[in-house]
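Right, one structure below, let's go through it.
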Amino acid sequence: MRDDFDLRSYSQSSNTWTKRTTSGTGASDYKTAVVDPVRKRYLYYIVGDTTLYWYDISSATATTTLQSGATSGCEFMNSYGAGWEYDPVQDRLVAWAGGNTVYVMNIDSRVCSTVSYNGGPADMGNGTFGRFRYSQKYNVFVV
């Protein structure tokens, strides 16, 4: 997890949190994150900023440095409370900010494409946050 300043990891066996960064740099309260289990990255963005930020989480204990890169076509990053999730079938990040449009991000290039579906659900008034998830059993996204 990342608070306003640092990345932290939790050890279930010792019931303790460990600070994994030394940045101490604050960020807006309006941010949302997802884990890429293939590249072993903790990724997040700040609403209104189309920069993708990430940490290398391949080590369970090592200190890590914040990295970042510009994105293209990822308008969902301007939406308060958009939901996003890793899709293991496509090896992409999938985001939804309400309505018929879904954003599909190539994690390596940080480029988003869009796919539209008729009859998409309405925008979630107070944000999607953790309510947009992938069901591996059914190979669908739910909100």
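The values are calculated or read from the model by the stated rules, or taken from the named source; none is laboratory data. Just so it is clear, the structure is predicted and the values come from calculations on it, not from any experiment. Cβ placement follows ideal geometry from the backbone for every residue including glycine, while neighbour counts extend to all protein chains displayed. For the accessible areas, the whole protein counts, side chains as well, though only heavy atoms, and no ligand, DNA or RNA atoms are used. Shrake-Rupley method; radii C 1.70, N 1.55, O 1.52, S 1.80 Å.
Equivalent-ellipsoid semi-axes for the stretch 54-94 (Cα gyration tensor, √(5λ), whole Å, largest first): 23, 15, 10. Dipole check for the chain: with +1 at the C-beta of Lys and Arg, -1 at the C-beta of Asp and Glu, and the Cα centre as origin, the magnitude is about 360 Debye. With all pairs of different C-alpha atoms in the average, the Kirkwood value for the hydrodynamic radius of the chain is 15.9 Å.
The share of accessible area on the chain that comes from carbon and sulfur is 49 percent, using a 1.4 angstrom probe.
With a 1.4 Å probe and all protein chains left in place, how much accessible area per residue does the chain have, in Å²? Working shown, then result.
On the way: 7950 Å² over 143 residues.
Solvent-accessible surface per residue comes out at 56 Å².
When the Debye formula is applied to the Cα atoms of the stretch 62-143, each taken as the same point scatterer, what base-10 log of I(q)/I(0) results at q = 0.15, 0.25, 0.27 Å⁻¹? Taken in order of the listed q values, log10 I(q)/I(0) reads -0.56, -1.31, -1.42. Surface calculation, 1.4 Å probe, protein heavy atoms: Ser116 sits at approximately 90 Å² accessible. Largest GNM mean-square fluctuation across Ser109, Ser13, Ser72, computed for the chain with C-alpha springs under 10 Å, falls on Ser13.
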